[in-house]
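The next block holds one structure in the form of structure tokens; read it before the comments.
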Amino acid sequence: MLTFALTLVRHGETQCNKDGLLQDLIVPKTCYWDALALGQKIDAPLSEIGIRQSEAAGLYLRDVNFTNVFVSDMKRAKQTAEIIVKNNRTSHDIELVTDSSLKERCFGIAEGGQVKEMKNMAKTAGWSLPEFTPPEGETIEQVKARIKDFLKALFQRIANDHRDKNQVSEAPVLKTEEVLPGLPDDGVLNVPVHALVVGHGAYMSIVMLYFFGDLKCPMPRGSDPAQRFSICPNTGMCRFIITLNCSYADLTLSNIQCVFINRREHIK
């Protein structure tokens, strides 16, 4: 058995987020789907606000030890990861592994346009915006396939790097009745392997669908179930504890638990 922590962070704000272009997701306080900006075609850097958000995320996580870092190959995600790692006291010189399977969901012909245009396209097609796939875009199932590819590579890399940390029996994980204090190191104090993954809003929302739906991951105690379907804010964080059946012949998922989702204390 090998137990490790997985912390997912959405990148910081870009100017396209502010302008409402279909490049990535932004999250207003009132409605998670009112100001979307999604996609792959516009590879925009962080805005000044996005840089400050990433610095705040890095300071929040500065005492959390990461053994592995994986990041989307898009500028906004790479910048965010670099800033977080730069601020980390124990992992500031760690290798950042870029992976194209972490790229944002593709929204086809809608990318680069205004959000209201995509809303109208979805309405005309009889779909709600989260489930709508514009022509030439990726469906949710296609993104899930990329997620599965990434997890397979992640599990293999974790196993290869940390086989010396295999446990003879199941490692202790969170108790379902446990109430967390809301600290940066929640759930990871006794977990020696910890992967940081920096990616994108729409992609992360589908990760949540996959973890909570397909993998039947239980929600954290006291969490609002609706959070499973909301979009993580810029530099918002989600954390899971994953246990693998780890042998030289095969790697299989044994257990997954959620520590928290969409945490944003560092940017309040």
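Values quoted throughout were computed directly from the atomic coordinates according to the rules given, and no laboratory measurement underlies them. As the structure is a prediction and not an experimental result, all values here were calculated from the model. A quick note on method: Cβ atoms are made from the backbone with ideal geometry, for glycine too, and the neighbour counts reach across all protein chains shown.
Each residue, Lys152 and Leu189, gets one label point 7 Å from its Cα in the Cβ direction; the gap between the two is 3.8 nm.
Indicate the gyration tensor shape class of the range 193-238 (rounded, prolate or oblate), computed on the Cα atoms with a ≥ b ≥ c the square roots of the eigenvalues: a/c under 1.5 is rounded; otherwise a/b larger than b/c is prolate and the rest oblate. Could you put the intermediate results ahead of the total?
Numbers: a/c = 1.43, a/b = 1.25, b/c = 1.15.
Here the range 193-238 falls in the rounded category.
Using a Förster distance of 30 Å, how high is the FRET efficiency between Asp164 and Asp224, based on the Cβ-Cβ distance and rounded to 0.05?
Working: r = 39 Å, r/R0 = 1.31.
Given R0 = 30 Å and the Cβ-Cβ separation, E is 0.15.
Placing a label point 7 Å from the Cα of Asn255 along the Cα-to-Cβ direction, the residues of the range 186-202 with a backbone N closer than 20 Å are 186-195. Here the gap between Ser247 and Leu129, fully extended at 0.36 nm per residue and compared with their Cα-Cα distance, gives a gain of 38.3 nm. Annotation: peptides 70-76, 223-229, ranked by per-residue average of other Cβ atoms within 10 Å with the highest first, follow the order 70-76, 223-229. Centre-to-centre separation between the Cα atoms of the range 184-245 and those of the range 89-167: 14 Å.
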